[in-house]
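Below: the structure, in structure tokens.
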Amino acid sequence: MRVPVAPPFSGAVGLTPLGAGRYAAELGERWTVGPKAHGGLLMVLLGRAGVAAAGPDTPDPLVVAADFLRAPDPGPVELATEVVKAGRTASVVAVRMTQGGRAMLTASVTAGRLPDTEPEHADLPGQPAEPPPDALGRDSDARGVAGACDLRMDATATAFSRRETGPPELHGWVRPRDEDPDVWFALLAGDLLPPVVFNLGGHVAWAPTVQLTALLRGRPAPGWLRIRARATVVGGGWFDSYALVVDAAGRVVCQARQLALAPKTP
């Protein structure tokens, strides 16, 4: 008798209640960048713990703002929550992730109810809803994040893949494997593209996130999510990255801005 296997995304974001506002989670080997857990997946776990602690009146994530203190390894982590404000429109929960007794991330999670109506205004990028045939991608056997989801990159904007330079902007498409995207996958998508500074030349390496704030704007429709990420200022060893995530129906579902350390040239 075959045991059902959970899809790579939903199977990786489960929480086990421990009581007193604490939760346990397991960081697996699939959602990784090199040897470390992927930052977008950590944001999802922080958000899920915060929303769970907020209670049934505010069941959806609206904002997840996290400070990355250390990079967790695959393995068990614990999340402790404190409800700072419990409201009918919005609740605010402080979340702290630890591993082996050490603080890894701290976050503020704002929970509420996502809108079901169409926006009155939206500034959308001119990007097709689905990746073109020449988009760059990896198969499900690839290691790390590249194999955990179906991610495609706009070949014309990915200068670093051709050992060329270009503006610090990347375009891509992503969808989870074996399931439809939900609001949590939209949150992860806000931190899914490679660092935009790769296009500026220099060293293509780990660019650790220091602070990341994501706004959730709606539940995604089934299908591909479009992502556009760009930097405004790069200098002094730092860069910012703003990512806009749009669903298959043309609706903004996530806006994410982070401050990160630029890769060091060896």
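Points to keep in mind about this one:
- In the stretch 17-36, residue modelled with the highest pLDDT [restricted to those that are farther than 30 Å from Val83 by Cβ and within 17 Å of the chain's Cα centre (by Cα)]: Thr32
- Residue that is assigned to a strand (DSSP E or B) and modelled with pLDDT of 95 or more, where the choices are Ala256, Ala221: Ala256
- Taking residues in the stretch 102-123 that are outside the structural domain of Phe68 (by TED's automatic domain parsing) and without any contact (Cβ under 8 Å) to a residue 24 or more places away in the chain, and partners anywhere that are among the hydroxyl-bearing types (Ser, Thr, Tyr) and in a loop (DSSP other than H, G, I, E, B), not one pair has Cβ atoms closer than 9 Å while being at least 6 places apart or on different chains.
- The conditions of being basic (Lys, Arg), modelled with pLDDT of 95 or more, surrounded by fewer than 16 Cβ atoms within 10 Å (Cβ to Cβ) and not in a strand (DSSP E or B) are met by Arg70.
- Subset of the stretch 147-183 that is within 15 Å of the chain's Cα centre (by Cα) and part of a loop (DSSP other than H, G, I, E, B) - its residue that is surrounded by the most Cβ atoms within 10 Å (Cβ to Cβ): Pro181
- Checking Ala86, Ala103 one by one, the residue that is among the aliphatic types (A, V, I, L, M) and loosely packed, with under 15 Cβ neighbours inside 10 Å is Ala103 and no other.
- Residue count for the stretch 85-115, restricted to those that are assigned to a loop (DSSP other than H, G, I, E, B) and farther than 26 Å from Ala71 by Cβ: 8
- Residue check, Gly172 under 19 Å from Val246 (Cα atoms) and free of Cβ contacts under 8 Å to residues at least 24 places away in the same chain: no
- Arg217 vs. criteria surrounded by 18 or more Cβ atoms within 10 Å (Cβ to Cβ) and touching a Leu at 6+ places or on another chain (Cβ under 6 Å): no
- Scope the stretch 124-146; condition within 19 Å of Leu41 (Cβ to Cβ) and either not assigned by TED's automatic domain parsing to the domain that holds Leu200 or not in a loop (DSSP other than H, G, I, E, B) (or both); matching residues: Val145, Ala146
- Condition check for Ala205: modelled with pLDDT under 95, touching a Leu at 6+ places or on another chain (Cβ under 9 Å) and part of a loop (DSSP other than H, G, I, E, B): no
- Residue count for the stretch 19-45, restricted to those that are outside any helix (DSSP H, G or I), among the small types (Gly, Ala, Ser) and in contact (Cβ under 8 Å) with a residue 12 or more places away in the chain: 6
The values are calculated or read from the model by the stated rules, or taken from the named source; none is laboratory data. All values reported here derive from a predicted model rather than from experimental measurement. A quick note on method: Cβ atoms are made from the backbone with ideal geometry, for glycine too, and the neighbour counts reach across all protein chains shown.
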